[in-house]
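First the structure, in the form of structure tokens, and then the observations on it.
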Amino acid sequence: MERKTGMRIGVLGRLYPASAAATINGILVRMVAAGATPVMERGLAERMTAAGMPPASDTEVMDRAEDADLHMLVSMGGDGSFLDSVDFLGAVPVPLLGINLGRLGFLSSTRLEDVDASLEAIMQRRYTLVERAVLALEGCPGFGTHNNALNEVSLHKRDGAAMISIHAHLDGRFLNTYWADGLIIATPTGSTAYSLSCGGPLLAPGCDAMVITPIAPHNLNVRPFVVPGNSTLTLHVDARGEKYLVNLDSRSQVLDHFPALQVHRAEHRVKLVQLEGQDFLNTLRSKLSWGLDIRSAKPGFEVG
């Protein structure tokens, strides 16, 4: 296929619900109208075709980001799709934009109703790039080369009964033994996600730090702990059960042995597209309802 000379924009998403196919196709048509060439990840293209709505004409298909000559990658969906896109890119230095077809949208911050204005800004290069730190996990070969996480690395018990013990060393020095349901090591980006729900602090994206957050610790005096971003955390797990879970963002592996795991900052960073009016503070106010008087909010449902 002859390639256009305009911007090549990759497209990736989960296609959930299936009705999102029509929405995605509408965005593809608008990309072409704006002078861009959409390049869709093959799995999404196949799912759209199976749903009875194949990708719009002029859409190319890609298997790997490194072979697609992309100028930008657009994630269609919620934050889960955004994290999939980060994994798809790996260390490929292509800027990433999230269009929110989901619910909360901390990472996928571009609203569907703003797509036309966003595409115009992108084609005119009216955006800035912000870099976010990524974590790397060593010692768990089941992830292969996909051993990075934008939000967090977490360890978690697999059964519902016994806690696990996690012996943690920070830069070679003993830190603590965590008796808990699990442990989260989060980036500043991930501090608004799982770590936050477990009582961890919010970190501004520019902080050179990681936060270690226990999940339901047995000792209530064990609190989240912020450490320098260039730290290396070594983890040894003891579990009464035979297996436990290791998670990189939304990807999981079940381990039936107890190797030493190391978590540290990856060598590469993720480049995020920031359009005018989008910044971390605005996102906090809108997504966490800061400044909202909940007494005046309407209830979500009525009983009776």
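Quick look at the values:
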quantity: Test: residue in region 30-43 that is assigned by TED's automatic domain parsing to the domain that holds SER85, crowded, with 21+ Cβ neighbours inside 10 Å and more than 15 Å from LEU70 (Cα to Cα); calculated: no
quantity: Condition check for TYR244: more than 30 Å from ASN282 (Cβ to Cβ) and surrounded by 13 or more Cβ atoms within 10 Å (Cβ to Cβ); calculated: yes
quantity: Residue check for SER286: among the small types (Gly, Ala, Ser), on the phi < 0 side of the Ramachandran plot and out of contact with any helix residue (DSSP H, G or I) (no Cβ under 8 Å at 6 or more places or on another chain); calculated: yes
quantity: Only one of ARG103, ARG47 that is modelled with pLDDT under 95 and surrounded by 16 or more Cβ atoms within 10 Å (Cβ to Cβ); calculated: ARG47
quantity: Boolean, SER154 is surrounded by 22 or more Cβ atoms within 10 Å (Cβ to Cβ) and at pLDDT below 95; calculated: no
quantity: Selection count, region 58-100, where residues are more than 17 Å from the chain's Cα centre (by Cα) and farther than 17 Å from THR145 by Cβ; calculated: 9
quantity: Criterion violated by ILE122 - all others in (1) among the hydrophobic types (A, V, I, L, M, F, W, C); (2) in the same structural domain as ASN25 (by TED's automatic domain parsing); (3) touching a helix residue (DSSP H, G or I) at 6+ places or on another chain (Cβ under 8 Å) satisfied; calculated: (3)
quantity: Test: LEU175 is surrounded by fewer than 23 Cβ atoms within 10 Å (Cβ to Cβ) and closer than 19 Å to VAL246 by Cβ; calculated: yes
quantity: Region 79-104: number of residues that are in a loop (DSSP other than H, G, I, E, B) and either within 22 Å of ALA266 (Cβ to Cβ) or in contact (Cβ under 8 Å) with a residue 60 or more places away in the chain (or both); calculated: 8
quantity: Pair list, Cβ under 9 Å, 6 or more apart: region 208-220 residue free of Cβ contacts under 8 Å to residues at least 24 places away in the same chain and surrounded by 12 or more Cβ atoms within 10 Å (Cβ to Cβ), other residue assigned to a loop (DSSP other than H, G, I, E, B) and among the hydrophobic types (A, V, I, L, M, F, W, C); calculated: ALA209/LEU203
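The values are calculated or read from the model by the stated rules, or taken from the named source; none is laboratory data. Predicted model only: the values in this text are computed from it and were never measured. Here the Cβ is made from the backbone with ideal geometry for all residues, glycine too, and neighbour counts use every protein chain on show.
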